[in-house]
């Protein structure tokens, strides 16, 4: 064996040793992560075991307090309104719903009369009905197709160079709640028959906005012009098709003489022209359907997909139950207090150790 071969074997051996050490460090690192998670779980379970009675008492006290509050506030009812805003009016709708909820949340004995008067004026309801309203909220109906559709519309409206530099992931990250198409407005009240009186004022607050009225009018004019132009082009295409068929019939009568090649060429030209006319008519019809859909969908500033139910249903969701909410708050507060007590004891031990070392 030559000296060069021995050196190569030594180099390969060293390489395998380095690779082996790298894998060992990697597996040790992964193992340390699992061990850390396991130790944390064990420590947390031991903490719960030693304090389960205190945490349980906090949960019971919180649950009872929440139950009392729930009973005092009486039975609550909820109803939902689903809307589809157009012309970017969703953001204003969210602001309006937040404003209504702020009026509700400001309720107390000192401003009850004022609050009832303000809401009753906005919704044209009695002060008693206004005082019965406990909550306004709005959220989007999450639909992945809304993001895909919006991204596709954006890609068609910008130049090719920009398309290459704008990814779907980036677009999705900037997609907010107001960008979804359908939104759910929820109202909670102590009366079960007040909800249908609220839908018209909520919609009117947006519909009567001059800015959105202008956008709606301009959009409708533009769509009507496009519709008329497409219908005219389709009529011309159909007329051209009829004229072309008459010409072909006249030419067919005159084909008593001619070669097979000229007939084949003529047939090929005829087929190609008919296909072009057919494709043109098909495209015009598709564009007409799109314009018709836009006219139908954007005929209103806000479309009501589903109105409030005449009678609201009782609030039974556990996450909206005061007993559950207060019990959860009690558990969290008790855990925080216990952790602070343990932290304080740990700091005292460390302080005593430091003092003893300083005395030595």
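When each of 346, 324 is tested for being in a helix (DSSP H, G or I) and loosely packed, with under 15 Cβ neighbours inside 10 Å, the lone residue that passes is 346. When 231, 216, 221 are checked against the criterion of being modelled with pLDDT under 85 and assigned to a helix (DSSP H, G or I), 231 stands alone in meeting it. Scan the stretch 278-291 and give yes if some residue there is modelled with pLDDT of 70 or more and in a loop (DSSP other than H, G, I, E, B), otherwise no. Within the stretch 278-291, not a single residue is modelled with pLDDT of 70 or more and in a loop (DSSP other than H, G, I, E, B).
Annotation note: of 165, 186, 157, the sole residue that is assigned by TED's automatic domain parsing to the domain that holds residue 129 and either at pLDDT 85 or above or under 16 Å from the mean Cα position of the chain (by Cα) (or both) is 186.
You will find that of 103, 93, 41, 48, the residue that is in the same structural domain as residue 209 (by TED's automatic domain parsing), surrounded by 10 or more Cβ atoms within 10 Å (Cβ to Cβ) and without any contact (Cβ under 8 Å) to a residue 24 or more places away in the chain is 103 and no other.
Selection within the stretch 192-208: residues that are surrounded by fewer than 17 Cβ atoms within 10 Å (Cβ to Cβ) and in a loop (DSSP other than H, G, I, E, B). The member of this set that is nearest to the chain's Cα centre (by Cα) is 208.
Annotation: residue 184 fulfils all but one of (1) closer than 22 Å to residue 303 by Cβ; (2) in a helix (DSSP H, G or I); the unmet one is (2).
Scanning the stretch 106-140 for residues that are modelled with pLDDT of 85 or more and not in a helix (DSSP H, G or I) yields 124, 125, 126, 133, 134, 135, 136, 137, 138, 139, 140. Could you say whether any residue in the stretch 214-233 is closer than 30 Å to residue 120 by Cβ and surrounded by fewer than 17 Cβ atoms within 10 Å (Cβ to Cβ)? No, the conditions are met nowhere in the stretch 214-233. Annotation note: of 295, 288, 275, 282, the sole residue that is touching a residue at least 24 places away in the same chain (Cβ under 8 Å) and over 29 Å from the mean Cα position of the chain (by Cα) is 288. Summed over the stretch 295-316, residues that are touching a helix residue (DSSP H, G or I) at 6+ places or on another chain (Cβ under 7 Å) and over 18 Å from residue 185 (Cα atoms) total 2.
The values are calculated or read from the model by the stated rules, or taken from the named source; none is laboratory data. If you're wondering where the values come from, they're calculated on a predicted model, not measured in any experiment. When we count neighbours, we look across all protein chains shown, and the Cβ atoms used for this are built from the backbone with ideal geometry, even at glycine.
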